Amino acid sequence: MGTPALECPDCGKFTTDFANPEQLSDCVSLWQRRLFLRDWEIGVRLARHHELNASEWSGQINYNTERREALIDLLDPADARPNKTFPHDVERTLVHELLHIHLAPMGAQVGTPEQVAEEQAICALSRALVELARQIPEAEEKTAA
Ligand SMILES: [Zn+2]
(Lines give C-alpha, C1' and ligand atoms only; values in the text may rest on other atoms or scores of the structure.)
Protein backbone atom coordinates (compact mmCIF):
# COMPACT_ATOMS: atom_id res chain seq x y z
CA MET A 1 0.00 0.00 0.00
CA GLY A 2 1.62 3.24 -1.10
CA THR A 3 1.39 6.57 0.61
CA PRO A 4 0.21 9.34 -1.72
CA ALA A 5 2.63 12.18 -2.28
CA LEU A 6 1.45 15.25 -0.42
CA GLU A 7 2.57 18.70 -1.33
CA CYS A 8 3.39 21.14 1.43
CA PRO A 9 1.57 24.43 0.79
CA ASP A 10 4.46 26.30 2.46
CA CYS A 11 7.55 25.05 0.70
CA GLY A 12 6.08 23.03 -2.15
CA LYS A 13 8.13 20.00 -1.12
CA PHE A 14 6.56 16.61 -1.55
CA THR A 15 6.63 13.84 0.96
CA THR A 16 6.65 10.31 -0.35
CA ASP A 17 9.19 8.58 1.77
CA PHE A 18 7.27 7.66 4.84
CA ALA A 19 6.60 4.00 5.23
CA ASN A 20 3.03 2.81 5.00
CA PRO A 21 0.51 4.01 7.60
CA GLU A 22 0.06 0.48 8.93
CA GLN A 23 3.67 0.45 10.07
CA LEU A 24 3.07 3.60 12.06
CA SER A 25 -0.09 2.29 13.69
CA ASP A 26 1.67 -1.00 14.61
CA CYS A 27 4.41 1.04 16.23
CA VAL A 28 1.83 3.04 18.19
CA SER A 29 0.10 -0.14 19.45
CA LEU A 30 3.41 -1.63 20.47
CA TRP A 31 4.45 1.40 22.51
CA GLN A 32 0.99 1.80 24.05
CA ARG A 33 1.38 -1.77 25.30
CA ARG A 34 4.94 -1.25 26.52
CA LEU A 35 4.04 1.98 28.34
CA PHE A 36 0.75 0.68 29.82
CA LEU A 37 -1.33 3.17 27.86
CA ARG A 38 -3.66 0.69 26.20
CA ASP A 39 -6.69 2.21 27.89
CA TRP A 40 -6.06 5.44 25.99
CA GLU A 41 -7.54 6.31 22.62
CA ILE A 42 -4.52 7.68 20.80
CA GLY A 43 -4.57 9.12 17.30
CA VAL A 44 -1.21 9.56 15.60
CA ARG A 45 -0.46 11.21 12.30
CA LEU A 46 2.51 12.48 10.39
CA ALA A 47 2.44 16.24 10.17
CA ARG A 48 4.20 18.61 7.83
CA HIS A 49 6.33 21.31 9.45
CA HIS A 50 3.68 24.01 8.94
CA GLU A 51 1.19 21.90 10.89
CA LEU A 52 3.26 21.91 14.10
CA ASN A 53 2.91 24.75 16.59
CA ALA A 54 6.63 25.55 16.47
CA SER A 55 8.92 25.09 13.49
CA GLU A 56 11.72 23.48 15.52
CA TRP A 57 9.48 20.79 17.01
CA SER A 58 9.57 17.20 15.86
CA GLY A 59 6.27 16.31 17.48
CA GLN A 60 3.40 17.56 19.60
CA ILE A 61 0.58 16.11 21.65
CA ASN A 62 -2.85 17.24 22.73
CA TYR A 63 -4.55 15.17 25.37
CA ASN A 64 -7.61 14.97 27.56
CA THR A 65 -6.72 13.05 30.72
CA GLU A 66 -10.36 12.65 31.82
CA ARG A 67 -11.45 11.09 28.56
CA ARG A 68 -8.10 9.35 28.09
CA GLU A 69 -7.80 10.62 24.56
CA ALA A 70 -4.76 12.01 22.81
CA LEU A 71 -3.78 13.24 19.39
CA ILE A 72 -0.12 13.12 18.46
CA ASP A 73 1.48 14.86 15.49
CA LEU A 74 4.87 13.54 14.40
CA LEU A 75 7.02 15.51 12.02
CA ASP A 76 7.05 13.96 8.57
CA PRO A 77 10.62 12.76 7.90
CA ALA A 78 10.49 14.66 4.60
CA ASP A 79 10.54 17.90 6.62
CA ALA A 80 13.21 16.93 9.15
CA ARG A 81 16.22 19.19 9.31
CA PRO A 82 19.56 17.49 8.82
CA ASN A 83 21.03 16.80 12.26
CA LYS A 84 24.01 14.47 12.56
CA THR A 85 23.98 14.29 16.37
CA PHE A 86 20.26 13.66 16.77
CA PRO A 87 18.75 12.65 13.46
CA HIS A 88 14.96 12.86 13.33
CA ASP A 89 13.53 9.62 14.62
CA VAL A 90 9.77 9.16 14.31
CA GLU A 91 9.64 6.28 16.81
CA ARG A 92 11.63 8.17 19.44
CA THR A 93 9.41 11.20 18.99
CA LEU A 94 6.34 8.98 19.38
CA VAL A 95 7.68 7.55 22.65
CA HIS A 96 8.54 11.08 23.80
CA GLU A 97 4.98 12.28 23.21
CA LEU A 98 3.49 9.16 24.85
CA LEU A 99 5.60 9.76 27.97
CA HIS A 100 4.02 13.21 28.25
CA ILE A 101 0.73 11.42 29.00
CA HIS A 102 2.25 9.77 32.08
CA LEU A 103 3.60 13.09 33.34
CA ALA A 104 0.48 15.12 32.56
CA PRO A 105 -0.91 14.84 36.12
CA MET A 106 2.20 16.66 37.40
CA GLY A 107 0.75 19.74 35.75
CA ALA A 108 4.03 21.47 34.86
CA GLN A 109 3.21 24.89 33.41
CA VAL A 110 4.78 26.13 30.18
CA GLY A 111 7.94 28.14 30.75
CA THR A 112 8.59 26.96 34.32
CA PRO A 113 11.70 25.12 35.56
CA GLU A 114 9.43 22.12 36.23
CA GLN A 115 8.46 21.99 32.58
CA VAL A 116 12.10 22.21 31.48
CA ALA A 117 12.96 19.35 33.85
CA GLU A 118 10.02 17.33 32.49
CA GLU A 119 11.19 17.83 28.90
CA GLN A 120 14.75 16.83 29.81
CA ALA A 121 13.58 13.72 31.65
CA ILE A 122 11.31 12.71 28.79
CA CYS A 123 14.09 13.25 26.23
CA ALA A 124 16.49 11.06 28.21
CA LEU A 125 13.89 8.35 28.85
CA SER A 126 12.57 8.17 25.30
CA ARG A 127 16.09 7.95 23.92
CA ALA A 128 17.04 5.19 26.35
CA LEU A 129 13.82 3.21 25.85
CA VAL A 130 14.01 3.23 22.06
CA GLU A 131 17.69 2.37 22.13
CA LEU A 132 17.04 -0.57 24.46
CA ALA A 133 14.02 -1.76 22.51
CA ARG A 134 16.09 -1.91 19.33
CA GLN A 135 18.62 -4.15 21.06
CA ILE A 136 16.04 -6.66 22.28
CA PRO A 137 14.48 -8.90 19.65
CA GLU A 138 10.67 -8.73 19.76
CA ALA A 139 10.27 -12.47 20.53
CA GLU A 140 12.54 -12.25 23.55
CA GLU A 141 10.63 -9.25 24.87
CA LYS A 142 7.31 -11.13 24.63
CA THR A 143 8.66 -14.10 26.59
CA ALA A 144 9.95 -11.80 29.30
CA ALA A 145 6.58 -9.99 29.64
ZN1 LIG B 1 8.14 17.11 25.00
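The values are calculated or read from the model by the stated rules, or taken from the named source; none is laboratory data. Everything quoted here is computed from the prediction, not taken from an experiment. Glycine gets a Cβ as well: all are built from the backbone with ideal geometry, and neighbour counts include every protein chain shown.
A few remarks follow.
- Of the numbered criteria (1) among the aliphatic types (A, V, I, L, M); (2) within 22 Å of Arg38 (Cα to Cα); (3) within 16 Å of the ligand (Cβ to nearest atom); (4) assigned to a helix (DSSP H, G or I), the one Leu132 fails is (3).
- Residues of the stretch 56-101 satisfying the condition of being within 16 Å of the ligand (Cβ to nearest atom), in contact with a strand residue (DSSP E or B) (Cβ under 9 Å, 6 or more places away or on another chain) and in a loop (DSSP other than H, G, I, E, B): Trp57, Ser58, His88
- Remark: Cys27 falls outside the filter, which requires a residue to be at pLDDT below 80, surrounded by 12 or more Cβ atoms within 10 Å (Cβ to Cβ) and hydrophobic (A, V, I, L, M, F, W, C).
- Residue that is farthest from the ligand (Cβ to nearest atom), among those in the stretch 41-55 that are over 21 Å from Pro82 (Cβ atoms) and more than 14 Å from the chain's Cα centre (by Cα): Glu41
- Residue pairs whose Cβ atoms lie under 6 Å apart, separated by 6 or more positions or on different chains, with the first residue in the stretch 118-136 and under 23 Å from Pro105 (Cα atoms) and the second more than 11 Å from the ligand (Cβ to nearest atom), are Ser126/Arg92.
- Test: residue in the stretch 68-87 that is more than 17 Å from Glu22 (Cα to Cα), charged (D, E, K, R) and at pLDDT 90 or above: yes
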